[in-house]
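Remarks on the structure that follows.
The values are calculated or read from the model by the stated rules, or taken from the named source; none is laboratory data. Everything numeric here is computed off the predicted structure, so don't read it as measured data. Note that we place each Cβ from the backbone using ideal geometry, even for glycine, and neighbour counts take in every protein chain shown. Side chains included, ligands, DNA and RNA excluded: accessible areas come from the protein's heavy atoms. Shrake-Rupley method; radii C 1.70, N 1.55, O 1.52, S 1.80 Å.
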Amino acid sequence: MWRDGGWYGVKGFFDWLENTFSWFFEFLRELFIGMVDAVDWVFATPPALVVIAIVAIAALFARGWKFAIGAAVGLLFIMSVDQWDNAVDSLALVLVAAFLAVALAVPLGIWAARNDTVSKIVKPIMDFLQTLPAFVYLIPAIALFRVGVAPGVVATLVFAMAPGVRLTELGIRGVDKEVVEAGEAFGATPRRILRQIQIPLAMPSIMAGINQIIMLSLSMVVIAGFVGAGGLGGDVVQAISALNARLGWEAGLSVVVLAILLDRFTASFGQGMGLYSHWARQRKLRREQEEQARIDAMELEAAGARREPGSAGA
C-alpha cells in the first residue's frame, strides 16, 4: 500500500518486527555494545606507547622490520594528531564487526560450496547485499537498534560479509577433485576431507575473503559515524558538517593508517614473511633433518642385521 509517497507496508513491517521482537533486538544491542566496549578496553587501558610497541613487535613477526617501522610510524602519527582514542574506538568496532562477519561468512560459504541448492539461494542474496548502497544499510539498523554503536556493528556486519561468503565458496569449489577423491578412496569421512584437505587448500582464497571483510568493515565504520557510532567516523562527519579541513585530514589519514595495518596483517598469513615464518621454516627443517637421520639410522641398523648372518656362515 502506498501512502505519502512511500510503501506503507515496509514501515508496518518494521513496526511489527520491533514490537514483536524488541526483547531480542535489545539483547543483541547490549551484546554488541558489550563486545565493542571489551575490545576497546583492551586497547585503551594500556598507555598508547605500550600498544604501539606491541603492534610493532607483532608486525616484525608478521612481515619483517620494514613493516614494523612503518606500523610504529603510522601509529605515532595517529597519536600526534590526537586521534588515538577515536582510532581505538573505530578499531574495536571494526574487529567486532569483522569477527562476526567471518563467523557467519566462512561457514555459510562452506555450506554453499558443498550444497548446490544452498549456493543457488545464497548467490542472489550476496548479489543484493553487494549492490545495495552502503548508506541504505543504516536505515533498518537504526530502526531496530536505535542510534549508537549497535547499528554501526549490524550495518558493518551485513555490508562486509558478502565477499567472505563468495571467496570461501570459490576456494572450496576450486580444490582439485582428484585430491578429494583420493581422500575418499582412503576412507576419509566428508568432515575429515573438509578439515584436512579442502580448507587447507582453499585457505588462500578464504584469507582473501577475510581480508576483504576487514577492509569493507573499516570503510563502513566511517559511514556508521552518521548514526552516532563515534570513533574516526564521528570526526569525519563533524569535519564535513563544519567544513573543518584539518580535522577531516587528520581523521581521514588515521583511517588510512588503520586500513594499511589491518590489510598487511591479514595478507601476511600464509605468505611466509616475517620472523615467525622464518623460525617456523627453521623448525620444520630441523624436524625433517631429525626424521631423515632417524630413518637413516634405522636403515643402517637393518642393513647391519642382514649382514651378520652371512658373515657368521662364512
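Below is a table of values for the structure above.
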item	result
Per-residue SASA entry for R286, accessible area with 1.4 Å probe, Å² rounded to 10	120 Å²
Cα shape, the chain, gyration tensor, a/c 1.5 rule	oblate
Nearest 10 degrees, 0 to 90: helix 245-268 Cα axis against the chain principal axis	20 degrees
Gap separating the Cα centres of segment 84-149 and segment 244-267, nearest whole Å	21 Å
Prolate/oblate/rounded call for segment 18-122, Cα gyration tensor, a/c under 1.5 rounded	oblate
Nonlocal amide H pairs with R63, under 5 Å, H built at 1.01 Å	L275
Neighbour cut-off at most 16 other Cβ (10 Å), DSSP loop, trypsin sites (Lys or Arg not before Pro), segment 104-164	R146
